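Quick notes on the structure that follows.
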């Protein structure tokens with residue numbers, strides 16, 4: 001089991017590097033969208049895709065934690081939302097909460113936005129919907145990153161004990 005914990009720990013560390021890039025890219029493209037109003041639609045598509053990628057990356061880590069550590073594969077109609085909530089809960093005798101409950105509303109907003117991006121035509125994505133989401137990422141991500149890396153440290157400690 002310790003090999004699984006170490007592998008997951010390394011996966012979390014690697015994914016945080018990728019998520020850093022996605023957040024920076026979303027911010028950069030959002031700035032360009034505000035400077036180039038005439039071409040804003042093209043930039044909005046890119047921002048929406050980066051937000052989609054960010055949440056998908058987070059969710060993939062949560063799925064791996066659920067499967068590898070909790071021995072639970074998410075299922076059912078509301079599994080995306082259930083998985084997110086589950087990551088805010090300690091599993092007694094198994095693991096601490098992965099993320100703080102205070103981030104749940106913002107992550108749930110990202111989850112819903114990702115759903116929107118997957119299920120509507122991109123020309124229906126409007127700046128008013130994107131603005132609060134992309135504006136929140138620079139404040140949200142450092143906290144989430146710290147918590148993910150702390151969880152990776154927890155997994156490494158499990159391996160060593």
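Rg ratio for the stretch 45-110: its Cα radius of gyration over 2.2 N^0.38 Å, N being its residue count, equals 1.15. Place a label point 7 angstrom from the Cα of residue 149 along the Cα-to-Cβ direction, then list the residues of the stretch 4-30 whose backbone nitrogen is under 20 Å away. In the stretch 4-30, the label zone of residue 149 (backbone N under 20 Å from the point 7 Å along Cα→Cβ) covers 6-27. Distance from the Cα centroid of the stretch 22-88 to that of the stretch 144-161 is 22 Å (rounded to whole angstrom).
What the Cβ-Cβ distance of residue 116 and residue 21 gives, at R0 = 22 Å and to the nearest 0.05, is a FRET efficiency of 0.45. Angle of helix 2-35 to the longest C-alpha principal axis of the chain, folded into 0 to 90 degrees and rounded to 10: 10°. Taken along its three principal axes, the alpha carbon spread of the chain comes to 58, 31, 24 Å, from the longest extent down to the shortest.
Ranked by the mean number of other Cβ atoms within 10 Å of their residues, highest first, the peptides 117-123, 22-28 come out as 22-28, 117-123. Each stretch of four or more DSSP H residues adds -39500 (n - 2.57); spread over every residue of the chain, this sum gives -26500 deg cm²/dmol at 222 nm. Compute a Gaussian network model of the chain, connecting alpha carbons closer than 10 Å, and tell me which residue from 78, 88, 16 fluctuates the most. Result for the chain, Cα springs under 10 Å: 78 fluctuates most.
Per 0.36 nm of contour for each residue apart, how much would the distance between residue 78 and residue 159 grow if the chain were fully extended, relative to their Cα-Cα spacing?
Values: separation 81, 0.36 × 81 = 29.16 nm, distance 3.26 nm.
My answer for the length gained is 25.9 nm.
The GNM of the chain, with springs linking C-alpha atoms under 10 angstrom apart, assigns the highest mean-square fluctuation among 128, 32, 63 to 128.
Once the chain from residue 56 to residue 34 is taken as fully extended at 0.36 nm per residue, the excess over their C-alpha distance is 5.4 nm.
Between helix 40-68 and the chain, what is the angle of the helix's C-alpha long axis to the longest principal axis, kept within 0 to 90° and rounded to the nearest 10? On a 0 to 90 degree scale, this one is about 10.
Cα axis of helix 104-119 to longest principal axis of the chain: angle in degrees, 0 to 90, nearest 10? Result, in degrees: 60.
Just so you know, all these numbers are worked out from the coordinates, no wet-lab data involved. Keep in mind that this is a model prediction, so the values were computed, not measured. No Cβ is skipped: glycine too gets one built from the backbone with ideal geometry, and neighbour counts run over all protein chains shown.
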